[in-house]
Amino acid sequence: MVFSLFNYWVVIVLMMAGFYTVIASGNLVKKIVGLNIFQTSVFIMYISVGKVIGGTAPIVAANTELYSNPLPHVLILTAIVVGVATTALGLSLIMRIRQAYGTVEESEILDISTREDEAG
Amino acid sequence: MTAMLAVATIALLAVMLMALIRALSGPTVFDRILAVNMFGTKTVLLIAVYGFLTGRPDFLDLSIFYALINFIGVIAVLKFVERVGENDEAEKS
Amino acid sequence: MIQDHLAALQVVLPLLAAPLCFLLARQRLLAWLLTTLVSWGCLAISLALWWQVRDGDVIHYAFGGWDAPWGIEYVVDRLNVLVLVIVSGIAAITFPAARCSVEKEVPEDRQGLLYTALLLCLAGLLGITITGDAFNLFVLLEISSLSSYTLISLGRDRRALTASFQYLVMGTIGATFILIGVGILYMLTGTLNMADLAVRLPALGESRAMQTAFGFLIIGVGLKLAMFPLHLWLPNAYAYAPSIVSAFMAATATKVAVYVMVRYLFTIFGPAFSFTEMHVQLLFIPVGLIAVVFTSIVALFQHDIKRMLAYSSVAQIGYMLVGIGLVNVSGLTAALLHVFNHALMKGALFLALGATCYRIGAPLIDNLRGLGKQMPWTMAAFVGGGLSLIGVPLTAGFISKWYLILAAVERGWWPVVVIVVISSLIAVIYIWRVVEAAYLQERPDDAATVTEAPLALLVPTWILVLANFWFGVNPGALTALAGDAASVLFGGYTW
Amino acid sequence: MLSMTAIAVVRLRSLFGVVMLFGIYSLLSALIFVVLDAIDVAFTEAAVGAGVSTVFMLATLVSTGREEKPSRYSPLLPLGVVVVTGAALVWGTLDMPHFGDPGNPVHVHVADRYVQVSPTEVGIPNMVTSVLASYRGYDTMGEVIVIFTALVGVLSLLTIRGHVTVPRHRTTGPDSRPYPVLQVMAMLLIPFILVFALYVQFHGDFGPGGGFQAGVIFASAIILYALTFGLNDAVALVPVWLIRVLAAAGVLIYGGTGVVSMLRGANYLDYDVLAHDPVHGQHYGILIIELGVGITVATVMIGIFFAFVSRAEGSR
Amino acid sequence: MLVIDIVSGLLLLAGSILGLSGAWGLLKFPDFYARVHAASITDTLCAACFVAALMLQASFSLVAVKLLMVLLLLWLTSPTSGHALVKAAHRSGLRAVTWTPPADGGRS
């Protein structure tokens, strides 16, 4: 009983590690890494849902009857692509931010923009 | 035979774990790269062995691909490590 | 033949126009022309769809010829056709105005890319509205989000970059939460089709996993619609984006998210689960009310008028949440009406502001002094939109607030009524600050003399302002549509 | 191991270490995908996570610096949020279907048709490909558009500079030559990689692979070239205008297929009408759209990489 | 058949031992250059053993060809990246603990 839910708990630990990195880290690059970990853990959740014990990869082969579920695989393929698109965009934003502010630490950027806001 | 394959799988996993420890502990960037490289090659082998273990060895494309990615990854890391080193120096001077 | 494919074309048209526009990116004029024509085409299609579903029919369109739940389907009913019309309508009005303002605010070599991103954003928003598949919704959501991050980052100020990044991080967290929620639902039912989900979920009975999924979906969508404590990305994003982008996004993006929320609450989970089992109204009413009061007060203290309007947007979303949280037909009608009307008024206000920026640069309140005489039409349009935002009778804003108050009275929740009235009074104050600066103060001597904004900007602005008054005077057709949609949603209706 | 890596990522301050660990993390999760029978996904995750994303992150680090500064905010609030979210999830999992049980709703409702009928209905043995390209072909089109949007976004933020004149900080001497061994190796490997990309592209119907994976492999060949021979040579090989045209062309090929089926009287993206009988039509349709996917993905990845490296080179 | 099985089993065993010893070296050796030594030398032979073992299992088929490609790739890439790695490390001024720099310094 406990073991059969084990997959979810591993995923949750990963998910929380990623999530924590995103919201607690002050460095923008690290935030993006955290986002990636967060997303990857969700991917693992989907894929583990699609697994059938005793099944095999969903490509037709002789002398196999039981296949794992192909649908989660398809969804996650799409989600991975979405993830890399977001990562690329986020990283290029970081490069521009570094150029404009000279730093990629959230707190330092915050200081600079607060000063700008006060200056109008 | 399956037993041998299983032993090999476990050995590979152990190797990967050790490489991972080295990657985590550093101390220099190059140590990490080395560990990552080793980790990658062992992953390639692991996938090959695992394919035989589960009786569907037609997924070797994946290992070929991993070997490639691993190589390109290491080269990329090296190149960029050098660049950053230069940038740091440039900033200091 | 073509009328059978309208549902698909609604999204595919802008989606395929985007790469064409990308190829034309170097010819700025052509790219703009293509964007404008496509937005008009989208409006025509959505009006045609309205015509097709006006009697309560529901259109199903199966992609690839695979019937749902195996394939992906698009579904059009009276609820989402309302959102389709407003999104494509706002696009059809703001895109033509884009050229003028973009020429001034965005570097030449980026303009073609901006038009491409606008098309992609439009396609994504329309797609979110029209799709009948929970995972397809996630994909389209990401199309619209990625393009809006791009659009925001094209603003002149460097703070646009940080605003965009902040939005990217929060938006991606929101999208991932939605992904988790959809994943759990899929795990429980084995289907991704919304209609199929709606049939299978109630059969599960009480399930903690389903409640978790519900929580994740609410928070995920809440991030996207800037529900009160999760709204932090919105003010900066709208304040530093190029004017035309602020106008388009403020009028459409959060509205689509509100629609998604309604769709999940009512169609997929069903009102019985959402309100009787999960008591989501206990979340929405306080959050909505705090948002209304708190952000209205914050808006009072802004120097930058774009930021002020952005905070006011968060407050308006609060009204919609309250409307949903009242859990009766008139409350939901009010929320749907406000989705439509708020798009009209915020579109008008941001466009008027865009016209102002065209002449004076940064829209700080000090820069507006004395502009009433120099840019009379622009300022008059701003006042018109402002009246609607306050909810003065004979404007569209009045109608939705009126229904909201009726719904609260029907429930006997007088404090809600009081708070709605108070926050309208606060709105009077912040609009008055602008009016005071523009009309009652003298133009400083050192300020450059400016002239009226170009017609290309004024005409779209005035179309929206007049629409505000038109729907304020003749609300009949619209309230009927929203009312029908609301009562159908409460009737335990499934697709 | 996976959790260990993830937690180490959270703790580590050296950003290079973080990025490299992320590469390992990705490889590990790809391994898990293999164990869970998701070969196609493992392929993609390795290509994207361990390959492309890591390279992008590294390129970013070049221009942003490698150390993280300690945060001055207390970690308690985020920690609280995270714990609450995690607790909610754990609470929810207690009701969830058990791992790997063939009787789970996931396996008996929609997926049964994909598993049982698709090999005859669509006519290709790789079920992932048939669901991806046919049943849920519209999602995949959305995915191509997302990638395309990323290109639009990156190009609007960064410019690709074809000819960067690199200021030399390095001292001259025998050490400063580029790696000759690497260049020879790259010349040996690149043709092989390109052939392999074509194999993955067209073999996707029968084995793991398809347009997306092939696109990334193709792009990785060009990335390898750029890494060993420098950006200028690579941009000369794949000029910027070509990237723009091909990226848009790939999307148009995909969308155009749908328009063709619409013109032939079927629904959008219905491949049945593309040939005389449905199974052939499906086959052609899937080949064409996979080609579109491959073209777009390859060019977008190359374009983004060039843009990143241009910025990194320009920053010094 | 039996002979092939035994041979391939032995090869797997040898590969595992080689791999483990390499990893042990990676963990325990005192400095970077020694670790490179441990890792890259075992790498090639270990890979060879594994692949040979699997090829014996696969007999002649597409699978065997693919295995051969894996082996070739590993043989090509692994020493190359090892070489590049050491060169980069050397250039960046990393020194072995057992080695004292010459009087003129490495970098000038």
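Values computed for the structure shown
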quantity	calculated
Mean separation of Cα contacts under 8 Å, 6 or more apart, over the residue count of the range D:185-240: relative contact order %	31
Cα-based convex hull, the range D:185-269, per residue volume (Å³, whole number)	100
Links that overshoot a 21 Å alpha carbon limit, given the list C:K255/C:K346; B:K42/E:K28; B:K42/E:K66; C:K104/C:K373	C:K104/C:K373
Residues C:C357, C:C100, C:C121 arranged by fewest to most Cβ contacts within 10 Å	C:C100, C:C357, C:C121
Cα centre as origin, Lys/Arg/Asp/Glu Cβ charges: the range E:2-91 dipole, Debye	300
Efficiency of FRET from Cβ geometry, D:L188 and E:I4, R₀ 30 Å, rounded to 0.05	0.40
Computed E for D:T120/B:S25 - FRET, C-beta separation, R0 45 angstrom, nearest 0.05	0.25
Sum of -39500 (n - 2.57) over DSSP H runs of 4+, divided by residues of chain C (222 nm, nearest 500)	-25000 deg cm²/dmol
Convex hull projection area averaged over all views, the range C:279-495, Cα basis, nm²	12.4
Quotient of Cα Rg and 2.2 N^0.38 Å for the range C:189-298, N being how many residues it contains	1.23
Gyration tensor over alpha-carbon atoms, the range B:2-92, equivalent ellipsoid semi-axes in Å	33, 16, 5
Alpha-carbon Debye profile of the range E:2-91, log10 I(q)/I(0) at 0.14, 0.15, 0.16, 0.24 Å⁻¹	-0.57, -0.63, -0.69, -1.12
Overall form of the range A:3-113 per C-alpha gyration tensor (a/c, 1.5; a/b vs b/c)	oblate
Relative contact order (percent, whole number), the range C:320-368, Cα cutoff 8 Å, 6+ residue spacing	22
Relative contact order (%) - chain C, alpha-carbon pairs under 8 angstrom, separation at least six	15
Label zone at C:L47, where the point sits 7 Å out along the Cα-to-Cβ direction: the range C:88-131 residues whose backbone N lies under 14 Å	C:88-93
Cα-projected label distance for C:Q3 with D:L242, points at 7 Å along beta-carbon direction, nm	4.9
Calculated FRET value between C:D446 and C:D157, using beta carbons and R₀ = 35 Å, to 0.05	0.95
Chain C, Cα convex hull volume normalised per residue, Å³	126
Scaled radius of gyration (Cα, divided by 2.2 N^0.38 Å) that the range C:1-69 gives	1.34
Estimated translational D of the protein assembly as shown in µm²/s (Stokes, Kirkwood radius over Cα pairs; 20 °C; 1.002 mPa s)	71
Loop-located chymotrypsin sites (Phe, Trp or Tyr not before Pro) in the range C:276-377 whose Cβ has at most 14 other Cβ within 10 Å (DSSP)	C:F301
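Readers should treat all values here as calculations from the given coordinates under stated rules, not as data from a laboratory. What you are looking at is a predicted structure, and each value in this text was computed from that prediction instead of being measured. All Cβ positions, glycine included, derive from the backbone under ideal geometry; neighbour counts span all protein chains shown.
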